[in-house]
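Novice: Would you mind keeping the following structure in view while I ask a few things?
The values are calculated or read from the model by the stated rules, or taken from the named source; none is laboratory data. Everything quoted here is computed from the prediction, not taken from an experiment. Every residue, glycine among them, receives a Cβ derived from its backbone with ideal geometry; neighbour counts consider all protein chains shown. Accessible surface areas use protein heavy atoms only, side chains included; no ligands, DNA or RNA. Shrake-Rupley method; radii C 1.70, N 1.55, O 1.52, S 1.80 Å.
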Amino acid sequence: MSARIGVVTFPGSLDDGDAARAVRVAGGEAVRLWHGDSDLHGVDAVVLPGGFSYGDYLRTGAIARFAPVMESIIDGARGGLPVLGICNGFQILCEAHLLPGALTRNSHLHFRNRDQWLRVDAASTAWTNSFEADQEILVPLKSGEGRYVADRATLDALAAENRIVATYLRGNPNGSERDIAGVTNEAGNVVGLMPHPEHAIEALTGPSLDGLGFFTSILKHLAGASA
C-alpha cells in the first residue's frame, strides 16, 4: 500500500495541485485535505503548499495558522507526524511555532521569481534523506516575503544542531539571514523550505528533476518507520 500524503488546500493556495502531483510522481498516494476540516483522514505525512493562504492578510501565514486543519497538524507534528511546508507553508509553520524564526519581506522589496541553486545541508530529515549532504540542486523560487530571519542565538543553534536544511547558492535572492532557504525542527520531522521542489519533478516543466528528492525522501522515511 502506498504511503498516504495529505496536501492541504487553504483559500488562496496556488500550488496544492502541483504538490499532490509530486507526491504521485514519487510513488505516494496524495490525499487532499481541506483547511476547514480538522480530520486528517489517517494520512502518514502532510504537505502545506505554496500560495497566498487567506490572501496573506495580517501577514503571511498568520490566519492559516488558526485553521481547523492546522490544529490537528500541530498536534500531529508534535507527536512525530512528518510535515513539509513549502513557501507559504513554511511561513505557516513559523507562525504555528513548529519552526523557529519568521519569513519577512524580501530585503530588496521585490517579488523574486527565478530558478535557484541550493545546497542541501541536512540530509537526515524525513524530507531530505534521498539527498547527499552538501548536494547542490536547482529548483524554482517565487516569493515576495521569503527572507528568513531569527535572533543570533537561534541562528547559531540551527547551525550547531545541523537544522539548516538548505542554503542559497550563487546569490541570495531575498536577504535571508545566513543564506537560509529551509530549516527543520529538532526531531527532523518538520521541514520548511522557501523554494518550490514540486515544480522540479519533470523534465517537461521544471529546470531539473531535483525537487523529486523531497517527495521520495518522505516515502523512504515512512517505509523505514513501518519496517
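Novice: Please work out if residue 120 is among the hydrophobic types (A, V, I, L, M, F, W, C), in contact with a His (Cβ under 6 Å, 6 or more places away or on another chain), open to solvent by less than 30 Å² (accessible area, probe 1.4 Å) and in contact (Cβ under 8 Å) with a residue 24 or more places away in the chain.
Specialist: No; evaluated as a whole, the condition is false for this residue.
Novice: A follow-up question, please. Determine whether residue 51 is surrounded by 18 or more Cβ atoms within 10 Å (Cβ to Cβ), farther than 23 Å from residue 187 by Cα and of a type in the set (Gly, Ala, Ser).
Specialist: When the stated conditions are applied, residue 51 passes them.
Novice: Go through (1) modelled with pLDDT of 95 or more; (2) open to solvent by less than 60 Å² (accessible area, probe 1.4 Å) and name the single condition residue 224 misses.
Specialist: (1)
Novice: Now, a different point. Answer yes or no: is there a residue in region 153-175 that is small (Gly, Ala, Ser), touching a helix residue (DSSP H, G or I) at 6+ places or on another chain (Cβ under 7 Å) and under 17 Å from residue 93 (Cβ atoms).
Specialist: no
Novice: Something else now. Which of the following residues is in contact (Cβ under 8 Å) with a residue 60 or more places away in the chain and either open to solvent by 10 Å² or more (accessible area, probe 1.4 Å) or not in a strand (DSSP E or B) (or both): 80, 76, 85?
Specialist: The unique qualifying residue is 80.
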